[in-house]
Every structure is written in structure tokens, then in C-alpha cells.
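Student: One structure coming up, written as C-alpha cells, with questions to follow.
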Amino acid sequence: TAGAEFGRRFASAAVLPAGTGVERWRHPEAGVLRLAYESLAVPGDEDHRLVVYLPADAATSDALSAHVMASA
């Protein structure tokens, strides 16, 4: 679902970068969310990281979509 380029780069990686996993968050309106994350170092400054969160399951994806639609 992430695209061919992502799949190619992921398959060619020797190891997963440090800082990946799944977190459970409780949102006051959307409820319990399971979010997969990856934390990436930003080149040039060891104090900065880019953290990307994506829904870890269909229930979280649906809850986020419903929350966004209700907020629009």
C-alpha cells in the first residue's frame, strides 16, 4: 500500500532503522488508535528526527477517516 518505490527501498535495506514500532494512543474523540511509527535521523544534526505515524490496522484507519470527515 506504500508504493513500489517504498517497497523496493525497504527490500534493499540491510536492517530496519532504529526507532520503529507501534504505539497505542487514546484520542478524546476518535478513541483508541494503533499507530505504526518510524523515527528517522535528519542528516547534519543528531538532535533532529523525523517521526512518521501511519494507521497500524484497519480499525485505526477507519476511526481516523471518520474523525477527519466529522471535523470537516
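Student: Any chance you could count how many residues in segment 18-72 are assigned to a loop (DSSP other than H, G, I, E, B) and free of Cβ contacts under 8 Å to residues at least 24 places away in the same chain?
Tutor: Total satisfying the criteria: 11.
Student: Out of everything in segment 16-72 that is among the basic types (K, R) and over 11 Å from the mean Cα position of the chain (by Cα), what residue ends up being surrounded by the fewest Cβ atoms within 10 Å (Cβ to Cβ)?
Tutor: The residue in question is R26.
Student: Are any residues in segment 41-53 out of contact with any Asp or Glu (no Cβ under 9 Å at 6 or more places or on another chain) and under 15 Å from V22 (Cα atoms), and if so, which ones?
Tutor: Correct list: empty.
Student: Quick one: count up the residues across segment 34-52 that are modelled with pLDDT under 85 and among the charged types (D, E, K, R).
Tutor: 4
The values are calculated or read from the model by the stated rules, or taken from the named source; none is laboratory data. Just so we're clear, the structure is a prediction, and the values are computed from it rather than from any experiment. Using ideal geometry, Cβ is built from the backbone for each residue, glycine included, and neighbour counts are taken over all protein chains shown.
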